[in-house]
Amino acid sequence: MKIPFLDLEQQYESIKSEIKESINNVLDNRNFINGPETKSFEKNFLEVHGAKYGKGCSNGTSAITIALRSLNIGPGDEVITATNTFFATIEAIAEVGAKIVLVDCDADTYSICPKHVQEVVNEKTKAIIPVHLYGNPCDMDAITKIANEHNLYIIEDCAQAHLASFKGQAVGTFGEAGSFSFYPGKNLGAYGDAGFTICNSPELEKKISMHINHGRTLKYEHEFLAGNYRIDEIQSAILNVKTKYIAEWTQKRIEAAKYYDSKLSDKFKVIKRLDDVKAVYHLYVIEVENRDKVLKSLKEAGISCGIHYPIPLHLQPACKQLGYKLGDFPVAEESSKRLLSIPIFPEITREQQDFVIENLLKI
Ligand SMILES: *Cc1c(COP(=O)(O)O)cnc(C)c1O
């Protein structure tokens, strides 16, 4: 049996005719930017995720940049995030010229550790970016408390957490803004690049919309220098089709994760989920000793796995100038050697899961 880490083919097969029709519609109408599909997708995505305001944009990285810019965060400001995230989170901070401040993650949830956030807040701190890594919601009670005490913005990186919620409230809606990626492998994936920035007010939505589209108010009237971070109509059309199914696909991920939990959680350390959260399992992550050996035997059995992420950001060559060193964030450093992401996608079968479980337990 061959088990891919991620299977985009089955999903495509199930919606192929709808997708082709939606792309053809765009081609027939030749309305390639800011057309009806984008407007409709924006409305539909906000509704299914559980948010009120927001705009589609070019990708998940620019979605964070746009949120930061729209909140006037820039040079002289500090923004706090966790060292165990995807590189894009900190690129956005660098792009607006703010200082990247990293903190360690919690040893049980692998989410940003609120205690460590508290320790690095100072008068220059403007925002916290909690990342709902693997689709597992962070402790938004603790983060909101810190943000309120120190008057900080919260921008949630929800690139891996479409439809996830914390105590019944959609992720991305706790503070000022939230960002999403529709990179093809994400839970809701385009067939190219796309993203979304959600926010908490119509005023901020307007600002976001201007930052996405040349700072413009009307055609050829520009209020400030911004850039082009637009989503295109073909990606919107594709995402509009997929948005109809995302709730169902998410439910299937949750069921697959429950099954892994029932068979693996007493043999391996698995990520702790806080009470009363809806995690959406972009990835299913366990900890193993001897990861190289485990990866090799799984590969030989035909099972593809991933590592998210092998190098914490403070130890990346690109982050040398931030001045961090080995030993600064021990939880992230130690877990990065043991984390293993095993196959999970909505279409994974029990039989495939049993094969993964059986092989893992054998090792
Ligand atoms: C994928 C991802 C991003 C970036 O999204 P792109 O669409 O690839 O730019 C940002 N943050 C996290 C946590 C991600 O997983």
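The mean sequence separation of alpha-carbon pairs under 8 Å and at least six residues apart, normalised by the residue count of the range 1-134, gives a relative contact order of 19 percent. Scattering from the chain was approximated by placing one identical point on each alpha carbon and applying the Debye formula without solvent; log10 I(q)/I(0) at 0.06, 0.07, 0.08 1/Å stands at -0.22, -0.30, -0.39. Mind checking the log10 I(q)/I(0) for the range 193-305 at q = 0.21 Å⁻¹? Debye, one equal scatterer per Cα, no solvent, two decimals. Log-scaled intensity ratios, in q order: -1.18. With viscosity 0.890 mPa s and temperature 25 °C, the Kirkwood radius over alpha carbon pairs of the range 108-151 converts through Stokes-Einstein to a diffusion coefficient of 224 µm²/s.
Its relative contact order, with pairs defined as Cα atoms under 8 Å and 6+ residues apart, puts the chain at 23 percent. A convex hull fitted to the Cα coordinates of the range 159-210 yields 70 cubic angstrom per residue. Once backbone amide H atoms are built at 1.01 Å from N, Arg216 has Glu223 as its partners under 5 Å, excluding neighbours fewer than 5 places away on the same chain.
Applying Stokes-Einstein at 37 °C and 0.692 mPa s to the Kirkwood radius of the range 67-195, computed over alpha-carbon pairs, gives a translational diffusion coefficient of 225 µm² s⁻¹. Across the range 24-36, computed HN-Hα scalar couplings (Karplus, 6.51 cos²θ - 1.76 cosθ + 1.60, θ = phi - 60°) run 4, 4, 5, 5, 5, 8, 6, 10, 8, 9, 6, x, x Hz from first to last residue, x flagging Gly and Pro.
GNM remark for the chain: springs join alpha carbons under 10 Å apart, and the peak mean-square fluctuation among His222, His282, His308 falls on His222. Which percent of the accessible area of the range 254-363 is formed by carbon and sulfur heavy atoms (probe 1.4 angstrom)? C and S atoms contribute 51 percent here.
When only the Cβ of Lys, Arg, Asp and Glu is charged (+1, +1, -1, -1), the dipole of the range 161-243 relative to its Cα centre reaches about 180 debye.
Beta bridges from DSSP with both residues in the chain: antiparallel share about 60 percent, rounded to the nearest 5.
Normalised by 2.2 N^0.38 Å, where N is the number of residues, the alpha-carbon radius of gyration of the range 285-363 equals 1.33. In sequence order, the range 44-54 has phi-based couplings of 5, 5, 4, 5, 5, 7, x, 10, 9, 10, x Hz under the Karplus curve 6.51 cos²θ - 1.76 cosθ + 1.60, θ = phi - 60°, and Gly or Pro positions carry x. Considering only Asn148, Ile73, Val101, the residue lying farthest towards the positive end of the dipole of the range 9-168 is Ile73, judged by Cα position with unit charges set on Cβ. Taking every DSSP bridge with both residues inside the range 75-139, close to 10 percent are antiparallel. Taking N as the residue count of the range 228-363, its C-alpha radius of gyration divided by 2.2 N^0.38 Å amounts to 1.27. Among the listed pairs Lys52/Lys167; Lys52/Lys258; Lys337/Lys362; Lys99/Lys219, a Cα-Cα separation exceeding 24 Å is found for Lys52/Lys258; Lys99/Lys219.
Beta-bridge orientation, the range 148-259: approximately 75 percent antiparallel, per DSSP, counting only bridges with both partners inside.
A 1.4 Å probe run over the protein chains yields, for the chain, 44 Å² of accessible area per residue, whole-number rounding.
For the range 257-363, what does the relative contact order come out to in percent, with C-alpha contacts under 8 Å and a separation of six or more? Before the final figure, lay out each step's value.
Working: 105 pairs, mean separation 38.2, N = 107.
Once normalised by length, the contact order is 36 percent.
GNM remark for the chain: springs join alpha carbons under 10 Å apart, and the peak mean-square fluctuation among Asn228, Asn59, Asn84 falls on Asn228.
Computed about the Cα centre, the dipole magnitude for the chain is approximately 300 debye when only Lys and Arg (+1) and Asp and Glu (-1) carry charge, each at its Cβ. Secondary-structure-derived ellipticity at 222 nm for the chain, considering helices only, amounts to -12500 deg cm²/dmol, per-run term -39500 (n - 2.57) for DSSP H runs with n ≥ 4.
When a 1.4 Å probe is rolled over the protein heavy atoms, the share of accessible surface on the range 12-154 that falls to carbon and sulfur comes to 48 percent.
The values are calculated or read from the model by the stated rules, or taken from the named source; none is laboratory data. No experiment lies behind these values; they were computed from the predicted model shown. Reconstructed Cβ throughout: ideal geometry from the backbone, glycine too, with neighbour counts over all protein chains shown. Please note that ligands, DNA and RNA were not included when accessible areas were found on the heavy atoms of the full protein model with its side chains. Shrake-Rupley method; radii C 1.70, N 1.55, O 1.52, S 1.80 Å.
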